[in-house]
Structures are given as structure tokens and as C-alpha cells.
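Working notes, structure below.
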Amino acid sequence: MKFISVQQALDKKRGTVSLRGWVYRERKLKDKIFIVLRDSSNIIQCIIKKEKVSKQIWKDAEKLTIESSVELEGSIYKEKRAPTNYEISVNKLKIIQFAEKFPIPVRKQYLSPELLLDYRHLWIRDPKMTAILKIRSTVFDAIREYFKKQGYYEFHAPSITSGVAETGPTLFKIDYFGKPLYLTQTWQFYAEAGIFGLEKIFTIAPSFRAERSKTSRHLAEYWHAEVEAAWIKLPELLDIAEEVVKYVIKKVLQTNKKELEFLKRDTKILESALKKKFPRITYDNALKLLKEKKSMTVKWGKDLRTIEEDKLTELFDTPIFVTNYPKEIMAFYKPRDPKKPETAICFDMLVPEGYGELIGGSERDTSIAELKKSLKAAGEKIEKYKWYFDTRRYGSVPHSGFGLGVERFISWICHLEHIRDAIPFPRTMARYWP
Ligand code: 4AD
Ligand code: MG
């Protein structure tokens, strides 16, 4: 038997086919048994007729359970009533394993989110998760493809760090041969050393945040796509952020039409994001817009909260850039803007439909004195950053970079209710098993 995929069988439309996969659904009647066979490509209805198969095959078929693994051969034909419009009349069936009773119920009303998380190792084979994971795979490909095409090198930083960080309080501490060390929150500080040899670099790697937030946007471990480049200033950095986001959306729309349809994703907003230039507004203007159009007052100097980001993005049908946040509330490396000294040369990209901040980035402060001042103001230990200051001592150049939360991007592309479904095995405050 030469096996083909379910999708290849559907494309073939007629003739004899050999398939292998898992029993997604089964229905047993007196003299015929229906199974829906699932593999990584699609599902197809199969019918086993008592009068057409051997006694042994019929006996096996009667014992078939959900998620049993099988090989089968049969003839395929059009059948409008079948879920994917084709059916296979089975003549050979080989059971690879009779599955034990599958703990996840078939009927949707019993699918509580907690149950699905407890059985995550079994749930990720479900067609909904499979559709999301296929899109996830495209997103990773597309990010890498975009940067490679633009001449960037892939560069790697350690996941275990001595404590250089975005924000100290959200570091995960680990026991490193008896010494306290930390899981990385960002690749950036190592990247800022990397640009002196490679100039244009990117990565896609896990980042860790010990944030005590139980929201649909926060993971304790997420995949972080980051970029750092020498010589680049803020306007050009925004161009790169806009281009990579558009590149990924375009690639998903091309590659994953079937999956987006399966997820019932209305893709209008994604298409509109491709056609338009993303608006660029300052923090000051964002406050003005919130006041005028949404009757919301934000005190100058406060960060935008989720609710304010959501209201602001409702005014647009594309992602937007908000630049020049107040310097005092920004990470220590975001430089003061000489043209607007109370603000930093930085940006966030906010995306529509309530998905909020997708990207954060900035130019990097090159002044050691300024860096030290900001670190002290933030209550950080200067000694931890000793090696980092060296990156400003030997041929320092202007440079910039940003970080994009890959699961946030997937959540928005797929219009997921919760970020945990954008990753196979989510880590949140309450969830670390399986
Ligand atoms: O805004 P953040 O904290 O920026 C940095 O870490 C910079 N050092 C990046 C850089 O310039 N190289 O994080 C960047 C992005 C956010 O915009 C968000 O999309 C994502 O990372 N992110 C999270 N995603 C999921 N769960 C969390 N807890 C996240 N925290 C940040
Ligand atoms: Mg941020």
C-alpha cells in the first residue's frame, strides 16, 4: 500500500486510495459503520459495510473507538452529505492501536476550558488546535523569511541571564548551581553587543515574564521575535515593523486560507491592514483622540492601560503606531527625545479588535551617564549592567530595535479568545501542567 494524505485523496476524487490516521468520529449501525478519519491534512468520512468486508475486519470495526489509529484502503467518491463532500467505501482495514476511552468528550457542551487545559497533550490534535498550529508555523516561517530577505542574520542570546532586564520585578529567578540567576525577558541587551559584528540581526526565541496578570494577552513564557540594527533611527524602525507585520499577514492569507475559514476568521480587517499605511501618532495625540472621540481622560505621564489601548484602536481599521511615550515610565534604555525632552524616542504598535500591544521598540540610549541615571531612578543595581555599558565604549553607534510577541500576533490573526490557544503548551500563572 502506498499511503496518501486525506487531502490528496480529496483532491484525487475517485479511484482506490490508501490512508492512515485516527478515528475522529464513529457511528455504528447494524450492518454499516461510519468513521470520520482524521490526519494532519483534513478529515474524510469512511463507510464500512458488513457485506463487503471480511469477518475479521467487521469484528475490528465494531470495536473501533475514538482516536484509534488505523490504516485503510477503499474507493473514494462524491457524497454531498459527508463532512468534506467525499466518502470512502472501505475494503481493507488494519488497526494499529485500539484507543482507550478518550477522556475529552466529543460533544462540545462538555468542553470546559480547564478540562481542555488538563488534557492539553490530547487536545492539541483537535482540528481547531491543528488549524491554529498550522498558522503558527506559517507565522514563524514568514518572520524568518522577511528578515533573511532584508539581509539580517539570525543571532542567539542565552535564556539564562545575570539579571539585565526590561523590568526587574517580573524576572523569574532560577537556582544556577547554587547562584540566583534569571530567565531572560528579552534578547535585546545581548543583541546590542551583536550588532557591532553583524549590524542587522533578529531572533525568534522564548522570553519569560513573571507578571501577575491573568489576562487573555499574557503568558509567563512566550515566543519573542526581536530585531536590532546599527545606524537605524525611529522612522526607519517603524517602516521595518510595518513591513514585517504586513509580510506575515500576507503570507498567512496566502498559505492558510483553509485554516482561517475553518476558524471562521473574517479576514476583512487583515486585508485592510495590507492595503493601508499604518497611522503614526504621538502619545500626546493619543491622549487627545481618547478625550475627543472616546471621552476618556488619561493623565499625562500615565501609561496607556488595556482599556485605553482598546478604545484608541477602535478608531482605526489597521494597526497603529504610538510614539513618544513619557520618558519617566519607559525602560531605562529608551533615550530622551531632544525635540520633546519629557518623552522618549520609542513606539508601541497597537493592533485592532482588542488585541492591544503587539510590538514595543525604540532607539537605544548611547550615553552611559543617562543609562545609569535611568537605572538608578528605576531602583536597579548598576553592577548588573557593567558589561552592557561596554557596548557604549568601543565605537558606539546609533542603533534601534523592537520586540514582537508572536502569540499576540497569532491571537489577532486567528481572532482567538485567549492567548493560551496560540501556543501548544501554555504557561500562565495558574497553568504549568502538562
Ligand atoms: O514591550 P516589551 O516588554 O519590549 C521588550 O522586551 C523590548 N526589549 C523589545 C525590544 O526592543 N527588543 O515586549 C515586546 C513585546 C510586547 O509588545 C508584546 O507583544 C510581547 O512582547 N509581550 C508578551 N506577550 C505575551 N505575554 C507576555 N507576558 C508578554 N509581555 C510582552
Ligand atoms: Mg511594551
Checklist outcome for this item: Within the stretch 398-414, the residues whose backbone N lies under 12 Å from a label point placed 7 Å from the Cα of TYR153 along the Cα-to-Cβ direction are none
Checklist entry - What is the Cα centroid distance between the stretch 218-266 and the stretch 289-319, reported in whole angstrom? => result 23 Å
Checklist outcome for this item: If one builds a Gaussian network model of the chain from Cα atoms under 10 Å apart, the most fluctuating residue listed among PRO326, PRO127, PRO103 is PRO103
Item to check | Volume per residue that the Cα convex hull of the stretch 225-269 spans, once the total is divided by residue count, Å³ | outcome: 86 Å³
Item to check | Reachable lysines from LYS63, criterion Cα separation under 24 angstrom, eight or more residues apart if same chain | outcome: LYS28, LYS30, LYS32, LYS49, LYS50, LYS52, LYS55, LYS92, LYS94, LYS101, LYS108
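Can you give the accessible area per residue of the chain, in Å², using a 1.4 Å probe?
Per-residue value: 50 Å².
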Checklist outcome for this item: A student asked for the Cα radius of gyration and Dmax of the chain in angstrom ought to give 26.3, 86
Item to check | GNM result for the chain, Cα springs below 10 Å: residue of MET296, MET330, MET129 fluctuating most strongly | outcome: MET296
Item to check | Heavy-atom SASA rank of SER374, SER112, SER400 (probe 1.4 Å, accessible area, largest first) | outcome: SER112, SER374, SER400
Checklist entry - If you roll a 1.4 Å probe over the chain with all protein chains in place, what percent of the accessible area is carbon or sulfur? => result 53 percent
Checklist entry - Taking the Cα centre of each part, how many Å lie between the stretch 407-428 and the stretch 172-207? => result 23 Å
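Using only C-alpha positions, report the orientation-averaged shadow area of the convex hull of the stretch 265-391, nm², one decimal.
9.5 nm²
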Item to check | Partners for LYS293 among lysines (Cα-Cα distance below 16 Å; same-chain residues under 8 apart left out) | outcome: LYS311
Next on the checklist: Mean-square fluctuation check for the chain, GNM, Cα pairs under 10 Å: which of TYR333, TYR182, TYR86 is largest?
Outcome noted: TYR86
Checklist entry - In deg cm²/dmol and to the nearest 500, what is the mean residue ellipticity at 222 nm of the chain if only DSSP H runs of at least 4 residues count, each as -39500 (n - 2.57), divided by the residue total? => result -9500 deg cm²/dmol
Checklist entry - Structure shown: which of LYS12/LYS80; LYS12/LYS59; LYS340/LYS381 lie over 19 Å apart, alpha-carbon to alpha-carbon? => result LYS12/LYS59; LYS340/LYS381
Item to check | Accessible area in the full protein assembly, largest first, 1.4 Å probe, for GLU221, GLU417 | outcome: GLU417, GLU221
Checklist entry - Where in the stretch 214-245 does the label zone of ARG144 land, with the point 7 angstrom along Cα→C-beta and an amide N cut-off under 19 Å? => result 222-228, 244-245
Next on the checklist: If you average the C-alpha positions of the stretch 370-403 and of the stretch 327-354 separately, how far apart do those two centres end up, in angstrom?
Outcome noted: 17 Å
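The values are calculated or read from the model by the stated rules, or taken from the named source; none is laboratory data. Quick caveat, the model's predicted, so the values are computed rather than measured. Neighbour counts are summed over all protein chains in view; Cβ atoms, including those assigned to glycine, are modelled from backbone coordinates with ideal geometry. SASA here: full protein model, heavy atoms, side chains in, ligands and nucleic acids out. Shrake-Rupley method; radii C 1.70, N 1.55, O 1.52, S 1.80 Å.
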